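The structure that follows is given in the form of structure tokens.
The values are calculated or read from the model by the stated rules, or taken from the named source; none is laboratory data. Here the structure is a predicted model, which means the values were calculated and not measured. Glycine gets a Cβ as well: all are built from the backbone with ideal geometry, and neighbour counts include every protein chain shown.
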Amino acid sequence: MRLLLVEDNERFAGLLKRGLAAAGFVVDVMLTARDAAAALRENRFEIVVLDLGLPDADGLDVLGEMRHREDATPVLILTARGSLDARVLGLQSGADDYLVKPFALEELVARLQALLRRPGNFLGVTLKLGNIALDTVARQVLVGDQPIVFSAREISVLEQLLRRSGRVVAKNLLADNIYGLSQEVGSNAVEVYVHRLRKHLAEVGARVQIHTLRGVGYLIAEEK
Amino acid sequence: MLKFRSVVSRIIALHLLAIVVTSICMPLALYMMLNYAAQELHHRALRERAAEILRYLDRGPDGAPRLSLPAALAQFYSEAYGRAAYAVLDASGNALFSSLAGGGAIIRVRPQATPFEYFALHRGDTGLVGVTVAADIGGPPLLLQVSEDLEHRDVLIDDIVAEFFTRVGWITAPILLLLLVIDVLIFRRALRPIVAASALAERIGPARTELRLPEEGMPQEVVPLVNAVNQALDRLEEGFRGQREFTADAAHELRTPLAILRTQIDTIADRELASSLRDDIESMSRLVNQLLDIAELETFVIGEDEIADLAAIATEIATYIAPLALAQRKTVAVTGADHPVLVCGNADTLGRAVRNLVENALSHTAPGTTVEISVVAEGELSVMDRGPGVPSAEREQIFRRFWRRDRRRAGNAGLGLAIVKRIVEMHGAAIGVADRPGGGAIFSIRFPAVIEADPAPAHQFETTL
């Protein structure tokens, strides 16, 4: 998976490159905004990690040029600017996600994988967590290596959770995905489906856990 | 002794004193002057009468004095008419001619008396005034006395003097009072720029250091003070900005090395060592973030029309923090966030306050417990935990910067709650700590008022975190 890393601090870039390579990315490093813009014009990357504080220009300029060319490659911004203004600016100018320095390498990898799993991406049609795998095209679930039959709605809930594994999926978002936006859903309908799915997963020995966060939503994580 | 602190009240007090003194002294002085002027007029009239009589006084061929008054004049001085009298005396005071019935002097004169003298006499309840002048017609000196009855004196002049107090004298006080009112209005007007400048100065604070007092329209006497204050503000602003920028720059500059360190630690094979180093980096990063937060909040100004939805904030923060809570085998919950609860304020900074409260709660609770964010429709947001609670003696101190119950405990600089307090106060809201029924602590942020929600969904107020 080809990744462009734009980061002016050479040592940091080197370290990140090693870490990302270990996570399976093929990393190209550019140290300046000019080089990055040139690389982006001439090559196709699956994802871009962009530092905002570059010596020759602001990282947001690089991003702006990409989006102007209608280059929809997902971009994750790295920033030392922690304040919200900067964050909002980043997201409004077309970034897909951001991380404030310092961050855990695992967090970066997880965010990148989440971006690549997004609908509309060719990659990540198979969502994996723990010992389960969901084929989003074939609508099939494997637990261990065994195909298990789940209902269409259970698969729909599981897909939503797996797409944002490790993060909270709001309850109303789940409801919208199960029933479509037009239908009014009884507030406990989602709870019923999640409860059934949780029970079903436990029965077939899946090593994942669906956490309920009352009043917030649900989160799926690997069972520890 | 009375102390008047305001310039206007000082002016009023002194002015009133001046009015009292002036309204007593000025009519008195005027009265005396009028009296004097009236007397002068009378004296002149007497002298003129004496001169008139003198024109008809001469000496006959035998050297004896003769007085031949025309009939009209004699009639005027007649006893029957009674208003005036004359007498011509020789040097020893014997009357030669007199209009009086007894034919004597009007007033007895001492020998060698001053040849020119005014006199006043009282007879019963009437009085008369007169003058004695030397009548120089050659020969031995003669004296001429002319008098006028006070009762029948020129009425007009006396009336003016007598009625001065009742008719004219009282006008002084009202005129002076009117002047005082005008003066006060003038002073008020002159002081208006100072009042306006004071209102402006009240708005100067850490978040608004660029404001300066206006020189325009200031009374000239105050301009040097205004200039000096503005220059002092310039110096303060410069120092303040330097301090602020340094904090912000330092925090920024620290983040990149921390990021390098953090990433490098991820490559360490010794998991135990890596984990302990990671904890250190975490707490240092948190400190840097908090310092940056503080530096940013110092200059933060909430927009007048900003609206935040407490329900959305509670949900956002719970969503954001849930993975962290679950990693510690704890959980977060939100209640009361089904409907928007709108307050005036900045959603981002309020979110940071709530996040700090939740992080604080998580750091004080045991695995298996829930941290609950509760939103009340009346404009209150509470974070409740099942930790040890906050002893009542510490409920003020915990919001102080760098306050920690246990200084040995690492990973907490004691800034989180200070930041919360600052954000809450910035919003004109109040924060309080209480015991939670059944154990634990409740941190509540109470807003003075809520904005009635439109029936339309409030998703546009959601925060981005």
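So residue A:40 passes all but one of these: (1) within 23 Å of the chain's Cα centre (by Cα); (2) farther than 15 Å from residue A:105 by Cα; (3) surrounded by fewer than 20 Cβ atoms within 10 Å (Cβ to Cβ); (4) not basic (Lys, Arg). Which condition number does it fail?
(3)
Can you confirm whether the range A:73-91 contains a residue that is modelled with pLDDT of 85 or more and in a loop (DSSP other than H, G, I, E, B)?
Yes: one or more hits.
Does the range B:351-386 hold any residues that are within 11 Å of chain A (Cβ to nearest Cβ) and either assigned to a loop (DSSP other than H, G, I, E, B) or closer than 22 Å to residue B:425 by Cβ (or both), and which are they?
B:351, B:352, B:373, B:374, B:375
Right, next: Across the range B:415-440, which residue is surrounded by the most Cβ atoms within 10 Å (Cβ to Cβ) among those that are over 22 Å from residue B:297 (Cα atoms) and out of contact with any Gly (no Cβ under 8 Å at 6 or more places or on another chain)?
B:433
Filter the range B:221-256 for residues that are within 14 Å of another protein chain (Cβ to nearest Cβ) and polar (S, T, N, Q); which is surrounded by the fewest Cβ atoms within 10 Å (Cβ to Cβ)?
B:247
Of everything in the range B:50-99, what is without any contact (Cβ under 8 Å) to a residue 24 or more places away in the chain and among the acidic types (Asp, Glu)? Give them in sequence order.
B:52, B:62, B:79, listed by residue number.
Can you pull out every residue in the range A:194-214 that is at the interface with chain B (Cβ under 8 Å from one of its Cβ atoms) and in contact (Cβ under 8 Å) with a residue 40 or more places away in the chain?
Selection gives A:213 alone.
Would you please name the residue that is farthest from the other protein chains (Cβ to nearest Cβ), looking only at residues in the range B:257-273 that are modelled with pLDDT of 80 or more and surrounded by 17 or more Cβ atoms within 10 Å (Cβ to Cβ)?
Only one residue tops the list, namely B:265.
This table checks each residue for (1) among the aliphatic types (A, V, I, L, M); (2) modelled with pLDDT under 85.
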position	(1), (2)
B:409	no, yes
B:434	yes, no
B:439	no, no
B:446	no, no
B:456	yes, yes
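On to the next question. Residues being in a loop (DSSP other than H, G, I, E, B) and within 9 Å of chain A (Cβ to nearest Cβ): count how many of those fall in the range B:274-319.
Selection size over the range B:274-319: 0.
Let me ask something additional. So, of the residues in the range A:152-165 that are touching a residue at least 24 places away in the same chain (Cβ under 8 Å) and not hydrophobic (A, V, I, L, M, F, W, C), which turns out to be farthest from residue A:209 (Cα to Cα)?
The residue in question is A:153.
Identify all residues within the range B:428-439 that are touching a strand residue (DSSP E or B) at 6+ places or on another chain (Cβ under 6 Å) and closer than 15 Å to residue B:395 by Cβ; write none if there are none.
Those that are touching a strand residue (DSSP E or B) at 6+ places or on another chain (Cβ under 6 Å) and closer than 15 Å to residue B:395 by Cβ: B:430, B:431, B:432, B:433, B:434, B:436.
Output the qualifying pairs, or none if there are none: Cβ atoms under 7 angstrom, residues six or more apart or on different chains, first residue in the range B:152-171 and assigned by TED's automatic domain parsing to the domain that holds residue B:39, second residue in a loop (DSSP other than H, G, I, E, B) and modelled with pLDDT of 70 or more.
B:152/B:83
Going through A:217, A:166 one at a time, which residue ends up being at pLDDT below 90 and either touching a helix residue (DSSP H, G or I) at 6+ places or on another chain (Cβ under 7 Å) or loosely packed, with under 15 Cβ neighbours inside 10 Å (or both)?
Going through A:217, A:166 in turn, the sole match is A:166.
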